[in-house]
Amino acid sequence: MLYDLLKRCTSIFFNLLNWLLGGKLPPFCSAAVVVEEQGRYLVVQLPGQRTVFPGGFMNWRETLQQGAQREGLEETGLHLEIGDMVGCYALTSDSWTNMSNLSFVFQARVTGGELRDNIEGRPCWLSEDELYTQLNEHGRHIFADYQRQRAGRQFSISVTSKVAPLAS
């Protein structure tokens with residue numbers, strides 16, 4: 001998909017610039033949502049058999065909640081009310097085609113709109129069993145934090161991937 005290629009090229013450019021500047025650029029910030037409705041969970045299925053919670057990079061001067069709400073709408077077509085924070089996750093770049101990222105994940109509920117495909121992928125609802133088998137390790141970690149929070153425990157702040165050198 002062309003959009004996926006553009007994202008990879010952007011990551012390569014950013015990582016090259018960061019490398020040239022001695023690793024001084026800060027990580028990007030993103031916001032995502034976990035939406036549960038009638039025992040099913042809202043996800044976006046991306047090219048390459050990847051399944052993720054709706055979310056993405058924040059825009060300039062957006063609050064975390066505004067970013068989560070906008071990304072949810074862009075990726076699913078659904079209007080969302082943003083709730084409590086599920087967790088904060090530090091994802092460190094492990095290749096030239098990924099960027100280091102601080103990701104803030106929130107609970108959300110649907111308030112309107114219509115589910116629709118987007119340039120990045122296809123949004124859909126999955127059962128808990130389907131969700132768990134399709135998420136990667138990072139997504140399963142977010143989902144476990146969501147379940148802990150739903151049970152009344154605190155949100156998580158964690159690093160979910162290891163730093164790998166981008167240049168030798």
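Values as computed for the structure displayed
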quantity	calculated
Added length on full extension, which subtracts the Cα-Cα distance from 0.36 nm per residue, Ile119 to Leu102	3.8 nm
Region 2-159: relative contact order in percent, alpha carbon pairs under 8 Å with at least 6 residues between	28
Given the chain, longest segment not containing exposed loop trypsin sites (Lys or Arg not before Pro) (DSSP; at most 15 other Cβ within 10 Å)	62-115
Correct option for Cα extents along the principal axes in Å [calculated from the coordinates] among (i) 49, 36, 34; (ii) 39, 34, 32; (iii) 44, 37, 21	(i)
Between helix 64-76 and the chain: long-axis angle, C-alpha atoms, 0 to 90°, nearest 10	80
Pairwise label distance in nanometres, Thr92 with Leu20, each label 7 Å out on the Cα-Cβ vector	2.5
Computed label-point distance, nm, for sites Arg150 and Thr63 using a 7 Å Cα→Cβ extension	2.6
Extended-chain gain in nm, criterion 0.36 nm per residue less alpha-carbon gap, Thr10 and Leu46	11.2 nm
Degrees, to the nearest 10: 2-20 long Cα axis against longest axis of the chain	40
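Just so you know, all these numbers are worked out from the coordinates, no wet-lab data involved. All values reported here derive from a predicted model rather than from experimental measurement. With ideal geometry, Cβ positions are generated from the backbone for all residues, glycine too; neighbour counts draw on all protein chains shown.
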